[in-house]
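J.: Here it is, the structure in full.
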There are 2 protein chains.
Amino acid sequence: MNQVKEFHTLQEKVTDMIRESIFTQVYKPGERLIQDELAARFGVSRMPVREALRCLEREGLVAFLPHKGAQVIGFRREDIEELYYLRALLEGITVQKSMNFLTKKDRTELNTLVEKMDQDIDNNDMDSFITHNHQFHMLLQKGCNWKKIKLLTKEFIEGYPAHVPSLIPKTMFVSNEEHKQMLRALELKDPIMLRQLVENHIMRAGNALTQVIE
Amino acid sequence: MNQVKEFHTLQEKVTDMIRESIFTQVYKPGERLIQDELAARFGVSRMPVREALRCLEREGLVAFLPHKGAQVIGFRREDIEELYYLRALLEGITVQKSMNFLTKKDRTELNTLVEKMDQDIDNNDMDSFITHNHQFHMLLQKGCNWKKIKLLTKEFIEGYPAHVPSLIPKTMFVSNEEHKQMLRALELKDPIMLRQLVENHIMRAGNALTQVIE
DNA sequence: CAAGCACGGATTGGATACAATCCAAAAAAA
DNA sequence: TTTTTTTGGATTGTATCCAATCCGTGCTTG
């Protein structure tokens, strides 16, 4: 079931590839991203590259200087802390507001996702785990009718280094146990508890990441 | 001293103009933004329009559907509430973290800005007030070394309807009195108090806005 | 008569071409 | 030698052109 990602436009594809390159340090913080270079590298024209860079600017991965182009934003330890603090805060609020609007179908779906992640752990299939983890977090906040905050957390969830490879293996298990606790909070219909769990979940992940980076 | 805004690129100019058109309801929520039309309207080619739309997407004013273009995002009452709640939360955190890193020069600058706003009130110069208000809020969070959150609050401050014209006259005075309280918190070196003031300041503005909209 | 299919206009997505801007190094002046 | 000017290459910003996609309308066919 090797799901191949489908892209509607070239631009989305390019966005993903550049982001990947930034995470994998092909382009290092502070480095200038020359549009021609990227275009040649990916075999496209400069136009989708430009739009991709705009998207990455929105995600906070690059910065635009007029007539000077895009620069990779640096990742200091503090940046990671900030990121996870923010994500914890926002995602906490989102799930709290979301909970009571989740349908029975959503809840069973969440259960199966947790089961799938258990399997992923057994198979040591990181990519699949990451995908299911994304789906879990996205579904958990589906019920929230606040659009902007959902957009933001979506960016955090998709855009940021869940990929950091050295991190994942150690924490997959702990992570999923925490997911199970969330399911419990869901059964108890306790939004505050759920929010707390989500906040802690993300902060823990953040702390783990900063420690690995040291 | 009628400060004329300087644009580095056409794209920035177009972005501003489209945003203005959205705020002034030239383009209404849900309406599709046809690139050719915008390009003709502003006398430029479609290219800067496209990039402008991307920027506005980032600001949350429009949404992109692949191969269907951009749509103006709707503003329901609830959206406003969300927006101001978020902005209050984020800007509160930002100024709390910023305060202790503001220089003496920054503080005097903040004072003069408040004085200028008092003058603007006397002259009933809304545009100038809005500008100074922006500058005040931006400067107040200058000391914060968290980049992402600053980017977000910047978007909120610049991107959202401080412009709503019917609102401003009534609240300019109250608003600036609250600014003065913030300056006091600054003198007392009390970041928690400052944060509280900022949160209330923004929530009050939000509530005023929702009431006007009804 | 209804359902599906094909065609065409409208609109977006992408490529290529050209103009404006920046930056650094070399040349000229003090 | 130091400062200013200029000049050219590199890179971004904008325009124009072409291709891919979508969507509605009208025709075909069962």
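J.: Pull up the cross-link candidates among the lysines for residue B:180, meaning alpha carbon to alpha carbon under 27 Å and not fewer than 8 places away within one chain.
T.: Filter leaves B:97, B:104, B:105, B:116, B:142, B:147, B:150, B:154, B:170, B:189.
J.: Mind listing the long-range amide H neighbours of residue B:62? Cut-off is under 5 Å, sequence gap 5 or more, other chains count too, H placed in the peptide plane at 1.01 Å from N.
T.: Answer set, sorted by chain and number: B:57, B:73.
J.: Below 12 Å, Cα to Cα, which aspartates and glutamates can residue A:13 reach? Residues fewer than 8 away in the same chain don't count.
T.: A:51
J.: Report, to two decimal places, the Cα Rg of segment A:18-89 normalised by 2.2 N^0.38 Å (N = number of residues).
T.: Working it through for segment A:18-89, the quotient is 1.16.
J.: Name the residue from A:21, A:83, B:202 whose Cα lies farthest towards the positive end of the charge dipole of the protein assembly as shown, charges +1 on Cβ of Lys and Arg and -1 on Cβ of Asp and Glu.
T.: Result: A:21.
J.: Please work out the Kirkwood hydrodynamic radius for the protein assembly as shown, using every pair of different C-alpha atoms, and report it in angstroms with one decimal place.
T.: 23.5 Å
J.: Report the label-to-label distance for residue B:204 and residue A:36 in nanometres (one decimal), using points 7 Å from each Cα along the Cα→Cβ vector.
T.: 5.6 nm
J.: Quick one: order A:36, A:79 from most to least accessible surface, probe 1.4 Å.
T.: Ranked list, largest accessible area first: A:36, A:79.
J.: Sticking with this one: Hey, in the GNM for chain A with a 10 angstrom Cα cutoff, which one of A:151, A:83, A:33 fluctuates hardest?
T.: A:151
J.: In segment A:77-213, if every C-alpha pair distance is counted and binned at 10 Å from zero, what percent goes to each bin?
T.: With a bin width of 10 Å, the distribution comes to 12, 46, 35, 6, 0.
J.: Over all residues in B:68-80, what is the mean tally of Cβ atoms on other chains that come within 10 Å of each residue's Cβ?
T.: The per-residue average across the peptide is 1.
J.: Now for a different question. Among B:88, B:40, B:63, determine the one that fluctuates most according to a GNM of chain B built with springs between C-alpha atoms less than 10 Å apart.
T.: B:40
J.: I've got another one for you. Mind telling me which of A:195, A:87, A:107 comes out most flexible in a GNM of chain A, alpha-carbon contacts under 10 Å?
T.: A:107
J.: Okay, next question. Summing -39500 (n - 2.57) over the DSSP H runs of n ≥ 4 in chain A and dividing by its residue number, what mean residue ellipticity at 222 nm do you reach, to the nearest 500 deg cm²/dmol?
T.: Value at 222 nm, helices only, nearest 500: -23000 deg cm²/dmol.
J.: While we're here: Compute the angle between helix A:147-159 and the longest alpha-carbon principal axis of chain A, please, reported from 0 to 90 degrees and rounded to the nearest 10.
T.: So the inclination is approximately 70 degrees.
J.: Follow-up. I'd like the Karplus ³J(HN,Hα) series for segment B:129-139: coefficients 6.51, -1.76, 1.60, θ = phi - 60°, whole numbers in Hz, and an x wherever there's a Gly or Pro.
T.: Couplings: 4, 4, 4, 5, 4, 4, 4, 4, 5, 5, 5 Hz.
J.: Enter the angle in degrees (range 0 to 90, nearest 10) between the Cα long axis of helix B:191-213 and the first principal axis of the Cα atoms of chain B, meaning the one along which they spread out most.
T.: For helix B:191-213, the angle is close to 40 degrees.
J.: Okay, next question. Could you list which residues have their amide H under 5 Å from that of residue B:125, counting only those 5 or more apart in sequence or on another chain, with H placed in the peptide plane?
T.: Answer set, sorted by chain and number: none.
J.: Oh, and also: With every protein chain in place, what's the accessible area of residue A:132 (1.4 Å probe, Å², nearest 10)?
T.: Roll a 1.4 Å probe over it and residue A:132 shows about 30 Å².
The values are calculated or read from the model by the stated rules, or taken from the named source; none is laboratory data. What you see is a predicted model, and the numbers here were worked out from it, not measured in a lab. Reconstructed Cβ throughout: ideal geometry from the backbone, glycine too, with neighbour counts over all protein chains shown. Each accessible area value is taken on the protein alone, full model and side chains, heavy atoms only, with ligands, DNA and RNA left out. Shrake-Rupley method; radii C 1.70, N 1.55, O 1.52, S 1.80 Å.
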